[in-house]
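Note sheet for the following structure.
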Amino acid sequence: MTARSIDGKAIAARVRAEVAAAVKTLHAQPALAVVLVGDDPASHVYVNSKVKMTAEAGMRSVEVRLPADTAEAELIARVEALSRDPEIDGILMQLPLPKHISEARVLACVDPLKDVDGLTEASAGKLVLGKPGLRPCTPVGCVMLAKSERPDLTGANVVVIGRSILVGKPAALLFLEQNATVTLAHSKTRDLKMVCRGADILVAAVGRPEMVRGDWIRPGAIVIDVGTNRVPAPEKGEGKTRLVGDVDFASAKQVAAAISPSPGGVGPMTIACLLRNTVLAACERRGWAVPEVLAAG
Ligand code: NAP
């Protein structure tokens with residue numbers, strides 16, 4: 001068997017097109033503020049592409065770029081100002097923050113109605129309670145990719161490896177919302193390989209390059225690879241690197257029915273879901289009806 005490659009780029013482009021269509025029907029242009037502290041090159045690349053895609057979706061983008069030595073109090077003041085600003089609909093804190101700043105204290109200052117990353121306590125609480133709210137972007141992207149292969153997840157055995165607040169834990173809850181039977185595995189899970197082999201849908205969010213091998217996968221399973229790991233690539237030249245997922249793509253594709261590659265799978269979905277959340281946040285806060293094109297997802 002050779003697995004289908006789940007085309008995250010194409011699915012994300014469709015979501016972004018829906019967002020752009022939705023924006024055209026709104027009474028005003030939603031605005032997304034992106035806050036970046038420091039000069040981590042990868043973070044700058046992510047922020048640049050978020051800014052570009054926000055504009056392409058017809059929304060206003062506000063960038064706040066601060067130096068690495070910004071004091072926590074200064075950052076909190078900036079975030080509080082964005083939270084108060086009636087013209088701002090979404091606030092995205094680009095993580096990680098420099099070590100001297102507490103991510104928890106900064107995120108606590110994001111107005112939950114503008115929490116397009118779904119990372120505040122209010123958003124996490126709504127997810128646990130099953131109440132409507134803004135959901136974390138990467139896990140929503142994982143569910144969308146899984147549903148592109150299996151639209152009805154009812155009763156599916158889903159194994160999520162990784163229990164981070166950013167990915168694993170919310171992913172498990174979102175699959176539960178889809179009536180899947182969910183196992184949340186982590187570094188203390190016994191016999192992880194056997195646990196994974198029970199999965200109809202296997203989500204790897206670990207941060208360990210190519211840890212999940214083909215013999216961990218049930219024949220015919222759907223595999224969603226969240227991992228993005230930079231590894232040395234001497235074949236490209238001295239000091240060069242390449243990105244790989246948490247799944248060993250070559251052996252996994254011999255066994256799975258479908259697999260999302262990394263890069264090119266979950267990554268593009270994260271940005272698309274961020275844009276989608278910005279429209280949903282604008283509608284909720286401004287009392288607009290959610291455009292039909294987004295209401296179903
Ligand atoms: P994280 O906070 O480091 O969490 C990793 C999780 O994996 C932890 O729960 C940890 O378990 C578990 N784990 C570590 N080693 C393990 C092992 N040997 N066996 C089983 N479980 C193990 O990472 P994260 O933020 O969730 O990110 C995970 C990966 O997704 C990373 O590669 C990251 O770059 C990628 N990512 C991609 C996107 C995207 O948009 N594509 C977005 C976010 C993250 P314990 O809790 O027991 O320590």
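Structure above, values below:
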{"item": "Subset tally (residues that are more than 24 Å from PRO132 (Cβ to Cβ) and among the basic types (Lys, Arg)) for the range 85-117", "result": "2"}
{"item": "Odd one out for LEU113 among (1) away from the ligand (no atom under 16 Å from the Cβ); (2) in contact (Cβ under 8 Å) with a residue 60 or more places away in the chain; (3) under 30 Å from PRO261 (Cα atoms); (4) within 19 Å of the chain's Cα centre (by Cα)", "result": "(3)"}
{"item": "Residue satisfying all of: in the range 212-223; in contact (Cβ under 8 Å) with a residue 40 or more places away in the chain and of a type in the set (A, V, I, L, M); nearest to the ligand (Cβ to nearest atom) among these", "result": "VAL212"}
{"item": "Flag for VAL143 being more than 25 Å from ARG286 (Cβ to Cβ) and modelled with pLDDT of 95 or more", "result": "yes"}
{"item": "Checking ASP248 against (1) more than 12 Å from the ligand (Cβ to nearest atom); (2) out of contact with any Lys or Arg (no Cβ under 8 Å at 6 or more places or on another chain); (3) acidic (Asp, Glu); (4) under 17 Å from VAL266 (Cβ atoms), the condition it does not meet", "result": "(2)"}
{"item": "Where a residue in the range 4-33 is under 15 Å from VAL279 (Cβ atoms) and its partner, wherever it lies, is aromatic (Phe, Trp, Tyr) and surrounded by fewer than 17 Cβ atoms within 10 Å (Cβ to Cβ), with Cβ under 7 Å and at least six apart", "result": "LEU26/TRP288; HIS27/TRP288"}
{"item": "Residues satisfying the stated conditions in the range 166-191, i.e. in a loop (DSSP other than H, G, I, E, B) and small (Gly, Ala, Ser)", "result": "ALA180, SER187"}
{"item": "In the range 236-248, the residues that are buried (at least 22 other Cβ atoms within 10 Å of the Cβ) and not aliphatic (A, V, I, L, M)", "result": "GLY245, ASP246"}
{"item": "Among the candidates VAL195, VAL226, residue that is within 13 Å of the ligand (Cβ to nearest atom) and in contact with a Cys (Cβ under 7 Å, 6 or more places away or on another chain)", "result": "VAL226"}
{"item": "Tally, over the range 267-288, of residues that are away from the ligand (no atom under 14 Å from the Cβ) and either at pLDDT below 95 or farther than 14 Å from VAL19 by Cα (or both)", "result": "5"}
{"item": "The lone exception for HIS100 - which of (1) touching a strand residue (DSSP E or B) at 6+ places or on another chain (Cβ under 7 Å); (2) more than 12 Å from ASP39 (Cα to Cα) it fails", "result": "(1)"}
{"item": "Residues satisfying the stated conditions in the range 14-49, i.e. under 22 Å from GLY267 (Cβ atoms), in a loop (DSSP other than H, G, I, E, B) and at pLDDT 95 or above", "result": "GLY38"}
{"item": "Test result for GLY239, away from the ligand (no atom under 14 Å from the Cβ), on the phi > 0 side of the Ramachandran plot and at pLDDT below 95", "result": "yes"}
{"item": "Residue within the range 62-72 that is more than 24 Å from ALA295 (Cα to Cα) and part of a helix (DSSP H, G or I) present", "result": "yes"}
{"item": "Options ASP69, ASP85, ASP89, ASP39: the member that is within 21 Å of the chain's Cα centre (by Cα) and charged (D, E, K, R)", "result": "ASP89"}
{"item": "Leading residue by the ranking (nearest to LEU202 (Cα to Cα)) among those in the range 170-191 that are within 8 Å of the ligand (Cβ to nearest atom) and not polar (S, T, N, Q)", "result": "ALA185"}
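Residue-wise test of (1) crowded, with 21+ Cβ neighbours inside 10 Å; (2) more than 30 Å from ARG150 (Cα to Cα).
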| site | (1), (2) |
| --- | --- |
| SER5 | no, no |
| LEU32 | yes, yes |
| GLU56 | no, no |
| LEU66 | no, yes |
| ARG84 | no, yes |
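The values are calculated or read from the model by the stated rules, or taken from the named source; none is laboratory data. Model, not experiment: these values are computed from the prediction. FYI the Cβ positions are ideal-geometry reconstructions off the backbone, even for glycines, and counts take in every protein chain you see.
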